[in-house]
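The values are calculated or read from the model by the stated rules, or taken from the named source; none is laboratory data. Just so you know, these numbers come straight off a predicted model, no measurement behind them. Glycine also receives a Cβ, built like all others from the backbone with ideal geometry; neighbour counts cover every protein chain displayed. Protein only, heavy atoms only, side chains kept; ligands, DNA and RNA dropped before computing areas. Shrake-Rupley method; radii C 1.70, N 1.55, O 1.52, S 1.80 Å.
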Amino acid sequence: MTSSEVIVREAYIGGSWRAGRGGTFPVHDPATGQTIASVADCTVDDLHEAIEAASKAYSRWRLTTVKERATLLLKVRDGLLASKDAIATTLTRENGKPRAEAAGEVGFSASFFEWFAEEARRQYGETIPSSVPSKRMVTIRQPVGVAALITPWNFPIAMLARKVSAALAAGCTCVIKPAEDTPLVALAFAKVCQEVGVPDGVVNVVPCSRGRVQELGAALCTSPDVKILSFTGSTVVGQWLYSRCGATVKRVSLELGGDAPFIVFPSAELEAAVTGVMAAKFRNTGQTCVTANRIFVHESIHDDFVSRLAQAMDQQLKMGSGLDPAVTQGPLINSRQLHRLEQMVQESVRLGAEVVRGGAAHGGLYYTPTLLTAVTPDMPLAKQEIFGPVAPIIKFTTEEEVVTLANTTDRGLAGYFYSNDMSQVWRVAEALEVGMVGVNEALVSTCEAPFGGFKHSGLGKEGSKHGLDEYTQLKYICFGV
């Protein structure tokens, strides 16, 4: 691919590009409101064809050697990197994130195919010592089967890659249902797979409009041919999907919403903490599941920290179209997200929060980067996942108090804190009820490390050596000798 962007409009099923039985639906540029493309609107019948194609391909794909699968995964990596600029432009146009972030996401996606190409060759079994001389016991790992992958709009190719790479490495085949706001990069990914020689039916992409999301999701849950459903998205939708997978007793992997605390202790190096907040809060305009949601700052350094953060926001954040290289803050993804954010801020201000910067929409789908103080734990901004460029500051007095506040939520995906007290570092890192902790570090995601949360933030891990566990099953074999 050498064009400036990649626009593919048809579904990809069984190695063929197809129209959707439901017609088409528009994909909009959130920065301008303009329609980028009309994309195939797939129905349940289209989805069943994709599942059937994946099932047929699985009978062959599962028998390939790990070396063969690893070789193909590396070709996908190379294809993504060769198309990085074009895919990044498409990603910016349909998602709104800054172009540099989009390019970084494509590179991040490629890293998972490299990682799981290597891990594919390390799906080791075990030899189990027998308690009797007449038996020999071993375990092996085998692929689960057809994997249904439902991906989000905020990191539409990164989350797709993290799932697909592990599934293919394990020997599974895939049916991908991308978010209706951002189907274009998923279809661009399918094009890469086709071009590098991924066998027909191994990867299928079935986009659909918002009106069909629920029926397609339900069909994936109830299909007896789908053996695992992996979903990244909101906790509410994850719970709905989880409840519907019981009848087929399929495996479920969920990466759901977050409510990440970001704690700044008195011993912290303040400039480093400010840099951390800027990265953890404003990346992708605050629309990330691991974003800093509640920012707790010790009362002794509160005013100094707020002043420094406000200055950093003034200097580093610029709103506009992500295609402008100077822009760091794009639009929100859609009007639903904008209205939700407006209501949360307005209600928190009504309850006593004080606006230091921003605090209002800025036309179209833009929301001014916002800093608020005097936020209390009972306000909407402290109780709900924000998913926007709003930084609420909450004062605290003691370590015990802030750890309790940080853990007072039903979600536990990520947490961050800054401290130079080594004893405190260990205490707090172990006490936070989250799946991932950043200690004096705000960017924790990488292909080598496990990604996943506690409580209502999900089930299972993605990435790392543990990522293959979701797509394989452990078989025990006992030999009589």
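Determine the gain in length on full extension of the stretch Arg62-Glu269; use 0.36 nm per residue of separation and subtract their C-alpha separation, reporting nm with one decimal. Each step should come with its number before you reach the end.
Details: separation 207, 0.36 × 207 = 74.52 nm, distance 5.14 nm.
Length difference between fully extended and current span is 69.4 nm.
Counting only protein heavy atoms and a 1.4 Å probe, tell me what percentage of the chain's accessible area is made up of carbon and sulfur.
On the way: 9790 of 18740 Å².
Here carbon and sulfur together make up 52 percent of the probe-accessible area.
The distance between label points at Ser335 and Thr71 comes to 5.3 nm (points 7 Å beyond Cα on the Cα→Cβ vector). Using the Cα centre of the chain as origin and beta-carbon charges of +1 (Lys, Arg) and -1 (Asp, Glu), tell me which of Gln311, Thr328, Val185 is placed farthest towards the positive end of the dipole. The one lying farthest along the dipole's positive direction is Val185. Take the Cα radius of gyration of region 188-277 and divide it by 2.2 N^0.38 Å, N being the number of residues; the result is 1.62. Other residues whose C-beta falls under 12 angstrom from the C-beta of Leu317 contribute a net charge of +3, scoring Lys and Arg +1 and Asp and Glu -1. In this calculation the C-beta distance from Glu195 to Ala360 is compared with R0 = 45 Å, giving a FRET efficiency of 0.50. When the inverse distances between all different Cα atoms of region 167-222 are averaged and flipped, the Kirkwood radius reads 12.2 angstrom. Of all lysines in the structure, those lying under 26 Å Cα to Cα from Lys318, and not within fewer than 8 positions of it along the same chain, are Lys84, Lys97, Lys281. If only the Cβ of Lys and Arg carry +1 and only the Cβ of Asp and Glu carry -1, the dipole of the chain around its Cα centre is close to 1640 debye.
Suppose only helical runs count, i.e. DSSP H with n ≥ 4. What mean residue ellipticity at 222 nm does that imply for the chain under -39500 (n - 2.57) per run, divided by all residues and rounded to the nearest 500 deg cm²/dmol?
Details: 14 runs with 181 residues, N = 481.
Helices in the chain give a 222 nm mean residue ellipticity of -12000 deg cm²/dmol.
Rounded to the nearest 10 degrees, the angle from helix 270-282 to the longest Cα principal axis of the chain is 50 degrees. Treating the beta-carbon of each Lys and Arg as +1 and of each Asp and Glu as -1, no other charges, what is the dipole magnitude of region 101-179 about its Cα centre, to the nearest 20 debye? With Lys and Arg at +1 and Asp and Glu at -1, about 460 debye. With both residues required to sit in the chain, DSSP beta bridges show an antiparallel share near 45%. Each of Ser130, Gly20, Thr408 was placed along the dipole of the chain (beta-carbon charges, centred on the mean Cα), and the one lying farthest toward the positive end is Ser130. Between the amide H of Ala37 and those of Val27, distances stay under 5 Å, these residues lying 5 or more places away or on another chain, with hydrogens modeled in the peptide plane. When the alpha carbon coordinates of the chain are projected onto the principal axes, the ranges are 70, 63, 39 Å, largest first. Over 18 Å between Cα atoms: which of Lys227/Lys465; Lys75/Lys191; Lys67/Lys227; Lys163/Lys227 fall into that group? Long pairs (Cα-Cα over 18 Å): Lys227/Lys465; Lys67/Lys227. In the chain, the longest principal axis of the Cα atoms and the axis of helix 158-170 are about 30 degrees apart. Axis of helix 335-350 versus longest Cα principal axis of the chain: the two differ by about 30°, to the nearest ten degrees. Simple spin-label estimate for Ser38 and Ser4 gives 2.4 nm between the two label positions (7 Å along the Cα-to-Cβ direction from each Cα). Taking amide hydrogens as placed 1.01 Å from N in the peptide plane, the amide H of Gly435 sits under 5 Å from those of Leu413, Ala414, Phe454, each at least 5 positions away in sequence or on another chain. Here the simple spin-label model places points 7 Å from the Cα toward Cβ, and for Ser130 and Ala310 these points are separated by 7.5 nm. Heavy atoms of the protein chains alone define the surface here; on that basis the chain has 39 Å² accessible area per residue at 1.4 Å probe size.
Relative contact order of the chain, taken over Cα pairs closer than 8 Å and 6 or more residues apart, is 18 percent. Rounded, prolate or oblate: which one fits region 1-118, using the alpha carbon gyration tensor with axes a ≥ b ≥ c (rounded when a/c is under 1.5, else prolate when a/b beats b/c, else oblate)? Oblate.
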